[in-house]
Amino acid sequence: MAATQEEIVAGLADIVNEIAGIPVEDVQLDKSFTDDLDVDSLSMVEVVVAAEERFDVKIPDDDVKNLKTVGDATEYILKHQA
Amino acid sequence: MSKIRPSKGAPYARILGVGGYRPTRVVPNEVILEKIDSSDEWIRSRSGIETRHWASPEETVAAMSIEASGKAIAAAGITAEQIGAVVVATVSHFSQTPAVATEIADKLGTDRAAAFDVSAGCAGFGYGLTLAKGMVTEGSAEYVLVIGVERLSDLTDLEDRATAFLFGDGAGAVVVGPSDEPHIGPTVWGSEGDKAETIKQTIPWNEYRIGDLGSLPLDSAGNVKFPAITQEGQAVFRWAVFEMAKVAQQALDAAGITPDDLDVFIPHQANVRIIDSMVKTLKLPEHVTVARDIRTTGNTSAASIPLAMERLLASGEAKSGDTALVIGFGAGLVYAATVVTLP
């Protein structure tokens, strides 16, 4: 069953917490991965791979650079999840 | 039809000795920062690299290889005359022909050993090791010298902030010889040429013909840029961590070794972040010693695995007889993983 927006944000919060040690409550739609959440370009790849597994979605390398905020990633997953 | 007598080799092969050579000049991040807008903290957090070695004009690919090989031959307890083949893995020997392996074989004092170079990027050592195992067990050489050597400082764009800090120079060598027990496991190797663009030389040599130079890019001083190694960082990181972890697991499975049986993990020293993520993805137990030679050696491509092996043994972090998983991966893209007993 496809995840809702709330479930995706909560899932991303878990993932970002696991990879970058950021408190889950800081992971909000308007937050930038790089500027606000201390997720650098390499950690972003780990976030993406974890999100792919969790939400059954493919996020190709070329699309990763467009995912600047948690909102961008949430929208992408909502649109592409199987 | 005449019957052809088959060749006869040893039942198995093993690594008998390892040697390394690191150039005299140690280059800290401060030197790299003279030409790029970055910081020591950024370089360390993205790569783990604190210092690297850069070769002098005298520390040629051949000279560094001969130093490393001399140590490996001595450690193996054999003489150069006993070596039947010299395999050199490198991407930074700048005379296209002949292969640098012949010069090395001659200067080491081998008895006309077969000698050739292998171009398999950062997997070059694993490719060479696999060939060596085959030669020893097939019988075309009793002892094979496998060298990984690079002068990547010659292929570094010092004005590219994504790669200027990454590469280093050095040579690592092993002697592979006969064994009554298996000490080199099955190799899991391959290539993914559809990803060739992710790590490559910026400009091919044949674009440097006089008359064509005007079309080439210039550096900040207005000089024509020399070729350099460039890569797509995120794509390489994803492939290296997640796809190569699968290959590493396949090599363990092929050798019949579980992570609990493993003593040492020596991945290609590409980036400490890749190494750390691979360890996590592979779920390696705490007791496994992980090579992180990249911190003080940089990424030395084909040389990185034997250099890291040599350092772990010299420092006492690993010991002779330990079971080690080695995996190389890089430009091609190519990869090779196998389980070995340390010499």
Item to check | Subset tally (residues that are part of a strand (DSSP E or B), within 19 Å of the chain's Cα centre (by Cα) and either polar (S, T, N, Q) or farther than 30 Å from B:L16 by Cβ (or both)) for region B:171-215 | outcome: 4
Checklist entry - Going through region A:27-42 one residue at a time, which ones are within 13 Å of another protein chain (Cβ to nearest Cβ) and surrounded by fewer than 18 Cβ atoms within 10 Å (Cβ to Cβ)? => result A:T34, A:D38, A:D40, A:S41
Next on the checklist: Give all pairs with beta carbons closer than 6 Å in which a residue from region A:31-45 that is farther than 20 Å from B:S47 by Cα meets a residue that is surrounded by 15 or more Cβ atoms within 10 Å (Cβ to Cβ); count only pairs at least 6 apart in sequence or on separate chains.
Outcome noted: A:K31/A:L37; A:K31/A:V70; A:S32/A:T69
Next on the checklist: Cβ-Cβ under 7 Å, sequence separation 6+ or interchain: first residue in region B:66-81 and farther than 9 Å from B:G19 by Cα, partner in a loop (DSSP other than H, G, I, E, B) and at pLDDT 95 or above. Which pairs?
Outcome noted: B:A80/B:G109; B:A80/B:T110; B:E81/B:G109; B:E81/B:T110; B:E81/B:D111
Checklist outcome for this item: Considering only helices (runs of 4 or more DSSP H) wholly within region B:229-284, the ones with at least 3 residues that are within 10 Å of chain A (Cβ to nearest Cβ), within 19 Å of the chain's Cα centre (by Cα) and modelled with pLDDT of 95 or more are none
Item to check | From the options A:V70, A:V45, A:V49, A:V24, residue that is closer than 29 Å to B:M244 by Cα, more than 12 Å from chain B (Cβ to nearest Cβ) and either acidic (D, E) or surrounded by 14 or more Cβ atoms within 10 Å (Cβ to Cβ) (or both) | outcome: A:V70
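For region B:52-65, what are the residues that are in contact (Cβ under 8 Å) with a residue 24 or more places away in the chain and in a helix (DSSP H, G or I)?
B:V61, B:A62, B:M64, B:S65
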Next on the checklist: Tell me whether region B:9-21 contains one or more residues that are modelled with pLDDT under 95, among the hydroxyl-bearing types (S, T, Y) and surrounded by 15 or more Cβ atoms within 10 Å (Cβ to Cβ).
Outcome noted: no
Checklist entry - Filtering region B:9-39 down to residues that are free of Cβ contacts under 8 Å to residues at least 12 places away in the same chain and in contact with a Leu (Cβ under 9 Å, 6 or more places away or on another chain), which residue is nearest to the other protein chains (Cβ to nearest Cβ)? => result B:S39
Checklist entry - Could you say which residue among B:A318, B:A314 is aliphatic (A, V, I, L, M) and outside any helix (DSSP H, G or I)? => result B:A318
Item to check | Top-ranked residue of region A:1-21 - restricted to ones that are free of Cβ contacts under 8 Å to residues at least 24 places away in the same chain and assigned to a loop (DSSP other than H, G, I, E, B), ranked as surrounded by the most Cβ atoms within 10 Å (Cβ to Cβ) | outcome: A:T4
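Looking at region B:136-158 only, could you name the residues that are of a type outside the set (S, T, N, Q), in a helix (DSSP H, G or I) and over 20 Å from the mean Cα position of the chain (by Cα)?
B:V136, B:E138 - these are the residues of region B:136-158 that are of a type outside the set (S, T, N, Q), in a helix (DSSP H, G or I) and over 20 Å from the mean Cα position of the chain (by Cα).
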Checklist entry - So which residues in region B:213-262 are closer than 30 Å to B:E159 by Cβ, among the polar types (S, T, N, Q) and surrounded by fewer than 13 Cβ atoms within 10 Å (Cβ to Cβ), if there are any at all? => result B:S215, B:S220, B:N223
Checklist entry - Would you call B:I49 among the β-branched types (V, I, T), crowded, with 20+ Cβ neighbours inside 10 Å and either on the phi > 0 side of the Ramachandran plot or in a loop (DSSP other than H, G, I, E, B) (or both)? => result yes
Checklist entry - Condition test on B:T300, is it touching a residue at least 12 places away in the same chain (Cβ under 8 Å) and surrounded by fewer than 20 Cβ atoms within 10 Å (Cβ to Cβ)? => result no
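The values are calculated or read from the model by the stated rules, or taken from the named source; none is laboratory data. Model, not experiment: these values are computed from the prediction. Heads up, the Cβs are rebuilt from the backbone with ideal geometry, glycines too, and the neighbour counts pull from every protein chain shown.
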